[in-house]
Every structure is written in structure tokens, then in C-alpha cells.
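Notes for the one structure printed next.
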Amino acid sequence: MKIVRRTLIAAACLSLLSTGAVNAETIVKTADVVIIGAGASGTSATMAAAEKGAKVILLEKQGVVGGTRNFAEGIFAANSSMQKRQGIIVTPDMAFKTIMEYSHWLANPFVVRAFVNRSADTIEWVKSKGIKFEYIGPGGGGRLDVDLARY
Ligand SMILES: Cc1cc2nc3c(=O)[nH]c(=O)nc-3n(C[C@H](O)[C@H](O)[C@H](O)COP(=O)(O)OP(=O)(O)OC[C@H]3O[C@@H](n4cnc5c(N)ncnc54)[C@H](O)[C@@H]3O)c2cc1C
């Protein structure tokens, strides 16, 4: 990975005075990679860059990290070892078609294809970082009774 060394100058509002005025302080930090947003994408990108030895700064505008992942009920990974162990049959082609149909084929097919093709590997990679999963579902509405004839 070619890393571009960048200097980040971040102005942070550290505290509110009792009068309500903002006491701003300028903080200067140096990093190889600066990632904006600590959702699932940002935290994964941070781990991936740090794994390759980069010094990373991850910025999040909200008081909590996780982004919309905090609302997720489950996770899917096509052809993953966990799905197979649970008897769930969801191939990357099935997942691709389901997601594209759900979006009326408006989603970017290249992004969706990359997402489903790498989903199983990604889960294994996240597990290798110490994240534990109790259950990986089939996705697409949580159905196990996928109509294989459609594919
Ligand atoms: C209600 C709901 C239920 C869902 N259920 C599921 C599910 O069951 N299973 C599943 O797999 N997926 C589910 N999803 C989808 C999944 O949660 C998202 O696809 C995924 O979390 C998106 O991650 P992201 O990092 O790309 O984006 P986001 O989660 O949107 O993260 C972006 C982050 O960037 C921050 N940010 C934005 N602008 C700035 C800025 N200028 N400076 C600093 N920080 C900034 C935001 O605060 C946020 O934390 C669900 C989504 C929703 C909304």
C-alpha cells in the first residue's frame, strides 16, 4: 500500500464554558492516513491501514462510534464458514441478485459484486482481529427458505 504522509490540523472544540462560550483549541497531529467517519467502513479501513503499519487518525463527529452499524440486527456473509455451519445456503450470486433486485437495480453493481464476493473473507479477517460472532444470518430479510430455483 502506497501511503501518503499527510499532516492533519484539526481544530477541536474542547469544552463549553459555564457562560456558554466555546473554548476552541488547535491540535496539530501527523498521520499517514486520515479516515473520516467511524462507522463500519471507517473502522475497517482503520484496522486495515494500521495492519499495514500506517499511523492512522480516525475522526468521528458523533459522540459514539459505529455509525448506522449500531442499528443493525445481524450480519450476512455469502458462502462463509459460519453460514455453512448453520445450514444456510447463500452464494455470492444469490446475494448479488437479491441486493440488486431490492434496490431495483439502482445500486452500483460493481460495488455490490465486490461486497458480496469479499463478504466471507471479510468476516474471517474481522474474526482474526478478535471479534466474536454468535450468528451470521442469510441476509435478504432473514430467510432460510431461499428459492434455489430462482438462481
Ligand atoms: C436501521 C438500520 C438497520 C440496519 N440493519 C442492518 C443489518 O441488520 N445488517 C447489516 O448488515 N446492515 C444493516 N444496516 C446497514 C449497515 O448498518 C450499514 O450499511 C453500515 O453500517 C454502513 O457503514 P458505513 O461505515 O459505510 O456508514 P455509516 O454507518 O453511515 O458511517 C459513517 C460515519 O461517518 C460519520 N461522519 C459523517 N460525516 C462526518 C464528518 N464530516 N466528520 C466526522 N465523521 C463523520 C458518521 O457520524 C458515521 O459514524 C442497517 C442500517 C440501518 C440504518
Could you figure out which of (1) at pLDDT below 95; (2) within 9 Å of the ligand (Cβ to nearest atom) isn't true of Ala38?
(1)
Subset of segment 32-41 (residues that are surrounded by fewer than 14 Cβ atoms within 10 Å (Cβ to Cβ) and assigned to a strand (DSSP E or B)):
Ile36
Inside segment 100-150, can you point out the residues that are at pLDDT below 85 and surrounded by 15 or more Cβ atoms within 10 Å (Cβ to Cβ)?
Ile136, Gly137, Pro138, Gly139, Gly140, Val146
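I'm checking my understanding of the structure. Among residues of segment 51-97 that are small (Gly, Ala, Ser), away from the ligand (no atom under 14 Å from the Cβ) and assigned by TED's automatic domain parsing to the domain that holds Val34, which one is surrounded by the most Cβ atoms within 10 Å (Cβ to Cβ)?
Per the criteria, the residue is Ala54.
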Determine which single condition Ser44 fails, assuming it passes every other condition in (1) exposed (fewer than 11 other Cβ atoms within 10 Å of the Cβ); (2) closer than 23 Å to Glu134 by Cα; (3) near the ligand (Cβ under 9 Å from one of its atoms).
(1)
Filtering segment 93-132 for residues that are part of a helix (DSSP H, G or I) and basic (Lys, Arg) leaves a count of 4
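The values are calculated or read from the model by the stated rules, or taken from the named source; none is laboratory data. What you are looking at is a predicted structure, and each value in this text was computed from that prediction instead of being measured. All Cβ positions, glycine included, derive from the backbone under ideal geometry; neighbour counts span all protein chains shown.
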